[in-house]
Amino acid sequence: MSLLVIGSTAYDTIETPTAKRENILGGSAPFFAYAASYFGGVQMVSVVGDDWLPEYTEMFAKQGVDTSGIEIVPDGKTFRWSGKYRENMNDRDTIDTQLNVLGTFEPKLPENFRRSQYIFLANGAPSTGLAALNQIQGADLIVADTMDLWINIARQDLDTLLKRIDGLVLNDSEAKMLTGELNTVTAAKKILTLGPKFVVVKKGEHGAMFVSEYETYIVPAYPTETVVDPTGAGDSFAGGFMGYVASKGGALDGETIKNALVYGTMVASFCVEGFSFDRYKEITRSDIDKRREHFQRMVSF
Ligand code: AMP
């Protein structure tokens, strides 16, 4: 399988009601890539400054992630994002965003990345996603993520991007913001008229929903008590979803979609059990499969 992700790499400062961590590894591409790596190889395209630590390249190499598409900008500073979670650990406020090298990022895909079959445009400027797509030939499946920031400041580029993708993954509130609809299902169906053939709406602790013209599937969130840091859960969900679909040869039949939703949910549930990549580093695919079996027993009726 060849699964390619293009997105941000960040040093995050995260504050929860009980703890604070400064300058820990984050970003949409790393969370996606690590989550997807439990299902097969991943190619990552991103940008960092010369404050990037070689130990992170090693960490991804160990996971089978090809990092040759990460551009290191000399004298540049890696993107910084800082967020604070409220008491419920679900809602968060962005405290600070310093785009740094991400602000002028023009993705240049290595030659061997340009014929990847499965593409994920992780959270980043829609213009970056479009620039990447212009370098890709004959992909089987192109899926993108977006967020409120881009809906607000780059709507035109986002509308162009929506016409070039097969699927869109986004939060409940973002789906409503993008369409002006108050009901999640209505919002998802309206997004289908903007270009994508399917939409996956992430609803945090309420799970996720897949909507296409003729199908709707839902999956609850895994009930976990140990939520340490929810950062990266959305990208991890997408990584598990796409990683599983890619491992099944890109088939988008009902069974594959439902299993992909479940695997996305499982990987995300591990991600939130630690800061940054702490919990991921402790687990293997077999832990994910064990949790999946437990989950299946909980939801089957
Ligand atoms: P998630 O919790 O899955 O929504 O993703 C959180 C990650 O997104 C963090 O590690 C941030 O560094 C990254 N992030 C936050 N804002 C942006 C942005 N405007 N563009 C790209 N990545 C971002």
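At-a-glance table
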| read-out | value |
| --- | --- |
| Scope the stretch 81-106; condition more than 21 Å from Asn171 (Cβ to Cβ) and either β-branched (Val, Ile, Thr) or away from the ligand (no atom under 13 Å from the Cβ) (or both); matching residues | Val101, Thr104, Glu106 |
| Elements of type helices (runs of 4 or more DSSP H) contained in the stretch 185-300, each with 1 or more residues being among the β-branched types (Val, Ile, Thr) and either surrounded by 24 or more Cβ atoms within 10 Å (Cβ to Cβ) or on the phi > 0 side of the Ramachandran plot (or both) | 233-247, 254-271 |
| Qualifying residue in the stretch 58-79 (condition: basic (Lys, Arg), within 16 Å of the ligand (Cβ to nearest atom), in contact with a Phe, Trp or Tyr (Cβ under 8 Å, 6 or more places away or on another chain) and touching a residue at least 12 places away in the same chain (Cβ under 8 Å)) | no |
| Any hit, the stretch 184-191, residues being away from the ligand (no atom under 16 Å from the Cβ), among the charged types (D, E, K, R), over 24 Å from Arg86 (Cβ atoms) and in contact (Cβ under 8 Å) with a residue 24 or more places away in the chain | no |
| Any hit, the stretch 161-168, residues being surrounded by 19 or more Cβ atoms within 10 Å (Cβ to Cβ), within 12 Å of the ligand (Cβ to nearest atom) and either under 16 Å from the mean Cα position of the chain (by Cα) or of a type in the set (Asp, Glu) (or both) | no |
| Residue in the stretch 209-221 that is under 18 Å from the mean Cα position of the chain (by Cα) and within 16 Å of the ligand (Cβ to nearest atom) present | yes |
| Residue match in the stretch 248-264 (condition: farther than 23 Å from Val42 by Cβ and touching a residue at least 12 places away in the same chain (Cβ under 8 Å)) | yes |
| Count of residues meeting criterion [among the aromatic types (Phe, Trp, Tyr) and either surrounded by fewer than 24 Cβ atoms within 10 Å (Cβ to Cβ) or in a helix (DSSP H, G or I) (or both)] in the stretch 1-38 | 3 |
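Each reported figure results from applying straightforward, stated rules to the coordinates on display, with no laboratory input. Computed from a predicted model, the values in this text were never measured in an experiment. Cβ: placed from backbone, ideal geometry, glycine included. Neighbour counts: every protein chain shown.
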